[in-house]
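Beneath this line is the structure, given in structure tokens, with notes to follow.
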Amino acid sequence: MRCVNSLRVKIFVGVIAILALMAGGIMAYSQRAVRSAMVDAEQRSVENVLQMAELAIRSQYLQLLSDKVGTIQDRKAAFRQFGQTVRSTLDTLAAQAQRARTSDEAARANALDWLAGLSPVAGEYSFVFDRAGRAVVYPDAAMVGQDLSGFRDIRGRSVTQTAWSDSELYGSSFLTYAWKAMKGEATEPKYGLFVPFPRWGWMIGIVGDVADLQRETDVRRAELVERLRSSLGSLQMAGNGFVFVFDGSGRPVVAPKGGEDGWMAPAVLSELKAMASDGDAPSRLAPLPSAGPEQGAEAQVFRLKALDWYVAAIVSSAALAEPAQDLILSQGLVFAGGSLLAAVLAWFLAQRISRPLVALTHRARALPQTDFTQAPPEALAKRRPEGRDEIGRLASAFHFMEDSLYRNVQTVMRVTQERERIEGELNVARDIQLGLLPKIFPAFPDRSEIDIHAALVSAKEVGGDLYDFYFIDDRHLCFTIGDVAGKGVPAALFMAITKTLIKSAADRFPDPWQMMAAVNDTLASDNPNSIFVTSLIGVLDCLTGEIRYANGGHNPPLVIREGGRVECLRPISGPALGVVEGMDYEPLATHLKPGETLVLYTDGVTEAMNARDELYEDERLLQLLEAQDPFLPTEMLVQRIMADVQAHAGGTPQSDDITLVALRFHQPSKRSS
């Protein structure tokens, strides 16, 4: 069993197996390749023959069509010449009658007599009808005065009406239509030219028989078939191959070589039709089972749609297989001798390959017991270079991997310790930052005149958004929201400074715009990194509901008014804080009635993006607020806004800090000012 699992034996058996598979594969491929080559050669031969046949048929068919079109054009030209002659003669008769001062009725009678005896050139007969479609002149006297408007052309239109309408547009009309036969009540296909004579309201029709044209076409088609039979009979194909032609009804056009027996059987013809191509995507040689195993035939067929003819080429299957069988026998003898020699060489090769691999295997088995957290042993540095072949390079790669494991494990340990230290510090920083913000709600349970709630979600462990609210006296509530440019630790430090400065300014100044100006001057005076913060500072009078505020480049606050209408307070007082010293901020004010709510937010709300890089935007926030119950508690309002932003973003990572503050004024305070 150990001998069977030996690498030497496996290599030896593998080489022999590969040689056997290669031999079998090459022999099988050779057989298919030779047969395929023969089939391809015969395919090209058949395609050339079929192309020649197709070109011959198409060229003669096109000549047939050309002759037919030429005949029709000649007759149309003769009809037009005859029609012009008739109109000229009628004009002359009318002019003579006018000069002789005879009545118009007499002139018409003379013209009718002349027309009744008229015989058209290259046509069957002529007739005349008026605008109402009644026959005025007709070879069959019984039809004179009859309504002819019921006869239809090949497009289903009234012949008489179409002749008049076409003539008004083009001067004449050429139509193909079904018309009453001269004998009997049956209709016959006719073609004719209709020339108007407006002076008397007559339409002159010059009629030709479609059957005459068809007879001429049939004669020329018979000539085409005879020429085709002669040309196909002279074609030579390998393996007693031949070409024959049959039509869609199964009738022979050019009979098969040696007669029709067998090849014109319905089953054979049906299968040949199924194999046919239309010329755009040619078929290939394929077996023809319906011809019987004794025939052993393959066929290729194409169809000429215009004539509904099928041109079939038949070749012998047996003639295609003989060269492949001879090649396989010769290859078998060559591969048998080669395999014997290869077996001897494979044994010695397996011995040479397996010896260093066995040694490398022992080294690999020792790796799981190695302690890579310790310094590598000195023996690793004293290794000699291995051989230059693949096995030597494998051993060198293994040694390099072992050295790298020592180095990488030491590096991972150091990086892990450093990362754990940084994460611990960031967690402490986050706790400190959140500790700076009000986070206990309800914030003022003893103040029934207001309902306030806030939420902050940082994009990183610490962020740059801020909010705050506190009573500066028993009557006035100061509130603020801000967004420091940037994220992470720098923004968090700047946020803490800004929050502290705003609270300090609230103790020194009564108006928000004064607070904002003082904070701006302090931030801008020593700001080497040019960090700025957008901010909104407001003061609510809990007795009147009046809000005095200043907006330093921040998002416009929203007010949910009575009835659910949302108002956007777009004016701003000045630029963001920390940009330029000495800025004056314009005072702003609004008023909250009982039940109305003020909503403050940072751009992390409206600029939240989803996987398609689509922003949440102000419009969606306005629509969300308008859809809410005006009496919804501020905590639930903030939660619904947060949930809608998260639903918009989906699983997209948050790109900016998100902060929301909602302040509802319930009723005026009864406390003294």
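The values are calculated or read from the model by the stated rules, or taken from the named source; none is laboratory data. What you see is a predicted model, and the numbers here were worked out from it, not measured in a lab. With ideal geometry, Cβ positions are generated from the backbone for all residues, glycine too; neighbour counts draw on all protein chains shown.
Taking the condition of a type in the set (Gly, Ala, Ser), at pLDDT 65 or above and within 30 Å of Phe509 (Cα to Cα), does Ala455 pass?
Working: of a type in the set (Gly, Ala, Ser): yes; at pLDDT 65 or above: yes; within 30 Å of Phe509 (Cα to Cα): yes.
In short, yes.
Identify the residue in region 92-127 that is assigned to a loop (DSSP other than H, G, I, E, B) and among the aliphatic types (A, V, I, L, M) and, among all such residues, is farthest from Tyr191 (Cα to Cα). Write out each step before concluding.
As a first pass, look at region 92-127 and keep what is assigned to a loop (DSSP other than H, G, I, E, B): 100-103, 117-124.
Going one step further and asking which of them are among the aliphatic types (A, V, I, L, M), we end up with 100, 118, 121-122.
Numbers: Ala100: 38, Leu118: 18, Val121: 14, Ala122: 12 Å.
Among those that are assigned to a loop (DSSP other than H, G, I, E, B) and among the aliphatic types (A, V, I, L, M), it is Ala100.
Check off (1) modelled with pLDDT under 80; (2) among the β-branched types (Val, Ile, Thr); (3) assigned to a strand (DSSP E or B) for Val207 and give me the number that stays unchecked.
(1)
Suppose we filter region 534-550 for residues that are touching a Lys or Arg at 6+ places or on another chain (Cβ under 9 Å) and part of a strand (DSSP E or B); how many remain?
Summing the residues that are touching a Lys or Arg at 6+ places or on another chain (Cβ under 9 Å) and part of a strand (DSSP E or B) in region 534-550 gives 4.
Mind checking whether some residue in region 634-652 is in a loop (DSSP other than H, G, I, E, B), buried (at least 19 other Cβ atoms within 10 Å of the Cβ) and either free of Cβ contacts under 8 Å to residues at least 24 places away in the same chain or aliphatic (A, V, I, L, M) (or both)? Steps first, answer last, please.
Residues of region 634-652 in a loop (DSSP other than H, G, I, E, B): 650-652.
Pick out the ones that are also buried (at least 19 other Cβ atoms within 10 Å of the Cβ) and you get none.
There is no residue in region 634-652 that is in a loop (DSSP other than H, G, I, E, B), buried (at least 19 other Cβ atoms within 10 Å of the Cβ) and either free of Cβ contacts under 8 Å to residues at least 24 places away in the same chain or aliphatic (A, V, I, L, M) (or both).
Just one of Ala492, Ala517 is assigned to a helix (DSSP H, G or I) and modelled with pLDDT of 90 or more; which is it?
Numbers: Ala492 fails: modelled with pLDDT of 90 or more.
Matching residue, one of Ala492, Ala517: Ala517.
Looking only at residues in region 152-179 that are in contact with a strand residue (DSSP E or B) (Cβ under 6 Å, 6 or more places away or on another chain) and charged (D, E, K, R), which one is nearest to Thr92 (Cα to Cα)?
Asp166
Any chance region 591-602 includes a residue that's in a loop (DSSP other than H, G, I, E, B) and within 24 Å of Gly464 (Cβ to Cβ)? Before you say what the answer is, go through the steps one by one.
To start, the set of residues in region 591-602 that are in a loop (DSSP other than H, G, I, E, B) comprises 592-595, 602.
Checking the rest, the ones that are also within 24 Å of Gly464 (Cβ to Cβ) come to 602.
Yes; the residues of region 591-602 include at least one that is in a loop (DSSP other than H, G, I, E, B) and within 24 Å of Gly464 (Cβ to Cβ).
Could you say which residue among Asp113, Asp166, Asp130, Asp140 is without any contact (Cβ under 8 Å) to a residue 12 or more places away in the chain and acidic (Asp, Glu)? Spell out how you get there, then give the answer.
Numbers: Asp166 fails: without any contact (Cβ under 8 Å) to a residue 12 or more places away in the chain; Asp130 fails: without any contact (Cβ under 8 Å) to a residue 12 or more places away in the chain; Asp140 fails: without any contact (Cβ under 8 Å) to a residue 12 or more places away in the chain.
Checking each option against the conditions leaves just Asp113.
Restricting attention to region 612-622, does a residue exist that is surrounded by 15 or more Cβ atoms within 10 Å (Cβ to Cβ), without any contact (Cβ under 8 Å) to a residue 12 or more places away in the chain and not hydroxyl-bearing (Ser, Thr, Tyr)?
No - not one qualifying residue is present in region 612-622.
Restricting to region 457-485, count the residues that are within 17 Å of Lys503 (Cβ to Cβ) and in contact with a strand residue (DSSP E or B) (Cβ under 9 Å, 6 or more places away or on another chain). If you could, list the steps in order and put the result at the bottom.
Filtering region 457-485 for residues within 17 Å of Lys503 (Cβ to Cβ) gives 465-473, 476-482, 484.
Among the residues that remain, those that are also in contact with a strand residue (DSSP E or B) (Cβ under 9 Å, 6 or more places away or on another chain) are: 465-472, 476-482, 484.
Within region 457-485, residues that are within 17 Å of Lys503 (Cβ to Cβ) and in contact with a strand residue (DSSP E or B) (Cβ under 9 Å, 6 or more places away or on another chain) number 16.
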